[in-house]
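Report on one structure; see the data block that follows.
The values are calculated or read from the model by the stated rules, or taken from the named source; none is laboratory data. All figures in this text were calculated on a predicted structure; none of them were measured in a lab. Heads up, the Cβs are rebuilt from the backbone with ideal geometry, glycines too, and the neighbour counts pull from every protein chain shown.
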Amino acid sequence: MRIKKIAVLTSGGDAPGMNAAIRAVVRSAIFHGIAVVGIHHGYQGMINAEFEKLESKDVRNVIQRGGTILRSARSKEFQTEEGRQKAYENLKKENIDAVVVIGGDGTFQGAGIFSQEHNLPFVGIPGTIDNDMFGTDFTIGFDTALNTIVQAIDRIKDTANAHDRLFLIEVMGRDAGFIALQSGIATGAEGILIPERDGQVDGLLKYLEANQKTSNIVVVAEGEKEGSIDELATLIRSKLPNYDTRTTILGHIQRGGAPSAFDRFLASRLGAAAVEALRDNQRSVMMGYKNHEVVHVPFNKTIKGHRNINQKLLIVADILNI
Ligand code: F6P
């Protein structure tokens with residue numbers, strides 16, 4: 001079937017570089033004579049028919065902007081069959097032949113279920129700061145978030161040094177430690193706590209006891225399972241009173257800001273690849289980036305597959321921490 005009109009949306013937590021991906025989808029489609037509709041507020045906007053025709057000029061000057069010009073949402077209604085039926089009817093009314101979704105694993109789950117129920121091609125682009133998607137080395141936004149975190153932690157290190165303090169710094173990653181592990185290595189943190197490893201708190205206490213350095217940085221993933229950073233701080237204060245312990249939660253600062261060069265480049269490549277895939281009559285695949293090449297990963301693999309932490313990185317972090 002020749003595709004004449006596509007829709008594009010961003011869904012779930014926004015990530016820097018989503019705008020660059022939208023731009024690439026819009027311009028690649030227009031280049032090939034395909035009309036583009038932007039859907040506002042992700043799947044919720046599909047249900048509410050928040051459609052807007054997009055021209056090439058509408059994506060001028062957005063490649064450098066964080067957030068998403070299409071807005072985003074986590075739609076509860078799309079998780080119901082009735083919600084998805086409403087969304088399908090709206091897409092049909094608008095004569096949409098295919099959809100490009102940009103988001104994380106929740107977004108792909110939604111796309112996977114929708115494609116089983118309705119005969120409409122979907123392709124996906126991985127956009128989340130968490131970098132936890134199976135089938136791709138990088139997700140759009142991860143590199144920018146890492147750079148934001150490194151800048152913030154460098155600043156904290158200045159004040160930690162000035163006062164001989166121990167800082168516990170919480171970074172994002174609800175279910176995964178990729179952000180914590182990589183930013184911890186990049187900032188030379190004395191400790192890194194991630195959800196994928198057990199017994200870390202004991203190890204950290206032992207390390208701190210044996211290595212009485214003046215200032216220390218411990219990066220803690222939001223999804224870490226052995227307690228919140230406040231609980232951890234209380235524990236350290238009681239067990240190791242010599243340490244002057246402080247906590248910082250970096251929070252949503254990690255999600256905003258201008259995308260890095262890498263995220264703009266990645267988003268541009270994957271956006272163009274998504275349109276190419278649709279022209280090729282592909283469906284239910286995510287555009288992944290493996291070994292510097294674009295790959296197609298079936299939705300069911302991205303949903304069921306689990307991306308493991310690279311054990312070698314844990315060893316590197318431990319070695320560099322002596
Ligand atoms: O999935 C991206 C992410 O930034 C997670 O790291 C974080 O746990 C979550 O979104 C926060 O979501 P919200 O902005 O909806 O609170």
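Could you tell me how many of the residues in the range 221-258 are within 26 Å of Ala162 (Cα to Cα) and within 13 Å of the ligand (Cβ to nearest atom)?
Residues that pass the stated criteria total 6.
Take Ile102 and tell me if it is within 16 Å of the ligand (Cβ to nearest atom), within 17 Å of Gly141 (Cα to Cα) and within 20 Å of the chain's Cα centre (by Cα).
Against the criterion (within 16 Å of the ligand (Cβ to nearest atom), within 17 Å of Gly141 (Cα to Cα) and within 20 Å of the chain's Cα centre (by Cα)), Ile102 qualifies.
Testing Ile63 on (1) surrounded by fewer than 24 Cβ atoms within 10 Å (Cβ to Cβ); (2) assigned to a helix (DSSP H, G or I); (3) among the hydrophobic types (A, V, I, L, M, F, W, C), one condition comes back false. Which one is that?
Result: Ile63 fails condition (2) only.
So which pairs qualify, if the first residue must be in the range 1-15 and buried (at least 24 other Cβ atoms within 10 Å of the Cβ), the second must be among the aromatic types (Phe, Trp, Tyr) and at pLDDT 95 or above, the Cβ gap must be under 8 Å, and the two must be at least 6 apart or on different chains?
If the second residue must be among the aromatic types (Phe, Trp, Tyr) and at pLDDT 95 or above, the pairs left are Ala7/Phe51; Leu9/Tyr43; Ser11/Tyr43; Ala15/Phe142.
With the requirement that a residue be of a type in the set (Gly, Ala, Ser) and over 16 Å from Ile102 (Cα atoms), what does the range 287-303 give you? It would help to see each step written out before you state the result.
So the first thing to find is which residues in the range 287-303 are of a type in the set (Gly, Ala, Ser), and the list is 288.
Across the range 287-303, there are no qualifying residues.
Considering the range 304-317 alone, what residues qualify as being surrounded by 13 or more Cβ atoms within 10 Å (Cβ to Cβ) and at pLDDT below 90?
Residues satisfying the conditions are Gly305, Arg307.
Taking the range 67-100 only, how many residues are touching a Leu at 6+ places or on another chain (Cβ under 9 Å) and closer than 16 Å to Asn119 by Cα?
Counting residues in the range 67-100 that are touching a Leu at 6+ places or on another chain (Cβ under 9 Å) and closer than 16 Å to Asn119 by Cα gives 8.
Hey, any hits in the range 122-144 for a residue that's more than 16 Å from the ligand (Cβ to nearest atom) and either of a type in the set (Ser, Thr, Tyr) or not assigned by TED's automatic domain parsing to the domain that holds Tyr88 (or both)?
no
I need a count of the residues in the range 72-84 that are closer than 12 Å to Gln44 by Cα and away from the ligand (no atom under 16 Å from the Cβ).
Within the range 72-84, residues that are closer than 12 Å to Gln44 by Cα and away from the ligand (no atom under 16 Å from the Cβ) number 4.
So that you can scan it fast, the table gives a plain yes or no per residue for (1) acidic (Asp, Glu); (2) touching a strand residue (DSSP E or B) at 6+ places or on another chain (Cβ under 8 Å); (3) in the same structural domain as Phe265 (by TED's automatic domain parsing):
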| site | (1), (2), (3) |
| --- | --- |
| Ser11 | no, yes, yes |
| Arg23 | no, no, yes |
| Gly33 | no, no, yes |
| Ile39 | no, yes, yes |
| Met46 | no, yes, yes |
| Glu52 | yes, yes, yes |
| Val59 | no, no, yes |
| Thr68 | no, yes, yes |
| Thr80 | no, no, yes |
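Can you give me the number of residues within the range 1-48 that are within 14 Å of Arg279 (Cβ to Cβ) and in a loop (DSSP other than H, G, I, E, B)?
7
If I ask for residues that are assigned to a helix (DSSP H, G or I) and either of a type in the set (Phe, Trp, Tyr) or in contact with an Asp or Glu (Cβ under 7 Å, 6 or more places away or on another chain) (or both), which ones from the range 256-278 would you list?
Phe262, Asp263, Phe265
Under the condition of being touching a helix residue (DSSP H, G or I) at 6+ places or on another chain (Cβ under 9 Å) and on the phi > 0 side of the Ramachandran plot, which residue from the range 1-40 is farthest from the ligand (Cβ to nearest atom)?
Gly17
Kindly check whether there is at least one residue in the range 279-294 that is away from the ligand (no atom under 16 Å from the Cβ) and assigned to a helix (DSSP H, G or I).
Yes, there is a match, as at least one residue in the range 279-294 is away from the ligand (no atom under 16 Å from the Cβ) and assigned to a helix (DSSP H, G or I).
Per-residue answers, yes or no, for (1) surrounded by fewer than 24 Cβ atoms within 10 Å (Cβ to Cβ); (2) modelled with pLDDT under 95:
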{"residue": "Asn161", "(1), (2)": "yes, no"}
{"residue": "Ile169", "(1), (2)": "no, no"}
{"residue": "Asp175", "(1), (2)": "yes, yes"}
{"residue": "Ala180", "(1), (2)": "no, no"}
{"residue": "Ala186", "(1), (2)": "yes, no"}
{"residue": "Asn211", "(1), (2)": "yes, yes"}
{"residue": "Ser215", "(1), (2)": "yes, yes"}
